[in-house]
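To start, the structure under review is shown below, and the notes come after it.
Only the coordinates and a few stated rules stand behind these numbers; no lab work does. All of these numbers come straight from a predicted model, not from anything done at the bench. Counting neighbours? That spans all protein chains shown, and the Cβs are built from the backbone with ideal geometry, glycine included.
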């Protein structure tokens, strides 16, 4: 297992995490921000969150990049398209299902599920594509 960690392309993991993070800024900002806030019952002009939340989000998205890199390496994937496929599969199989189950117990609207689940599906797909590229 140690050899696998050493053989990973850490730059691609960082790039994947950064891309996922940036997609979030676009997704929950100009793309779906107003709809998301309305579905969450939030004020359209809330106070900005504590900046530390962005650091934690970035760290968690780096962990996603690392996990995807391990999956991709274990599968012997070596192209961007295969990386995209692994990312989309992991996003749909692990994340969309988890968001869906949580949503069932938290009265999540279908719109909110589509926004949150769609973000993670796109984020995982792009992260997988980036890792597969390298």
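For the chain, the longest principal axis of the alpha carbon atoms and the long axis of helix 80-90 meet at an angle near 50°.
Just subtract the alpha-carbon distance of residue 97 and residue 133 from 0.36 nm times their residue separation and send over the number in nm, one decimal. Provide the component values of the computation, followed by the final result.
Values: separation 36, 0.36 × 36 = 12.96 nm, distance 2.66 nm.
Extra length available between residue 97 and residue 133 comes to 10.3 nm.
In degrees, nearest 10, range 0 to 90: what is the angle between the Cα axis of helix 52-75 and the longest Cα principal axis of the chain? The helix 52-75 is inclined about 40 degrees to the chain. Sorting 79-89, 5-15 by their mean Cβ neighbour count within 10 Å, with the most densely packed peptide first, gives 79-89, 5-15. Can you give me the angle between helix 110-133 and the longest principal axis of the chain, using Cα atoms only, in degrees from 0 to 90, rounded to the nearest 10? Compared with the principal axis, the helix lies near 20 degrees. Give the distance, in whole Å, between the Cα centre of segment 1-65 and the Cα centre of segment 71-109. Distance between centres, Cα-based: 15 Å.
Distance between the pseudo-spin-label points of residue 105 and residue 57 (7 Å out from Cα toward the beta carbon): 2.5 nm. Listed peptides 45-57, 95-107, 120-132 appear in the order 120-132, 95-107, 45-57 once ranked by packing, highest mean of other Cβ atoms within 10 Å at the front. Given (1) 1.01; (2) 1.42; (3) 1.12 as candidate values of Cα Rg over 2.2 N^0.38 Å, which corresponds to the one derived from the coordinates? Label of the calculated value: (3).
For segment 1-80, take the convex hull of the Cα atoms, compute a quarter of its surface area, and give me that in nm², please. List each step's numbers first, then the result.
Details: hull surface 27.9 nm².
For segment 1-80, averaging the hull's shadow over all directions gives 7.0 nm².
Add -39500 (n - 2.57) for each DSSP H run of 4 or more in the chain, then divide by its residues: what number comes out at 222 nm, to the nearest 500 deg cm²/dmol? Spell out each step's value before the answer.
Working: 7 runs with 99 residues, N = 134.
Rounded to the nearest 500, it is -24000 deg cm²/dmol.
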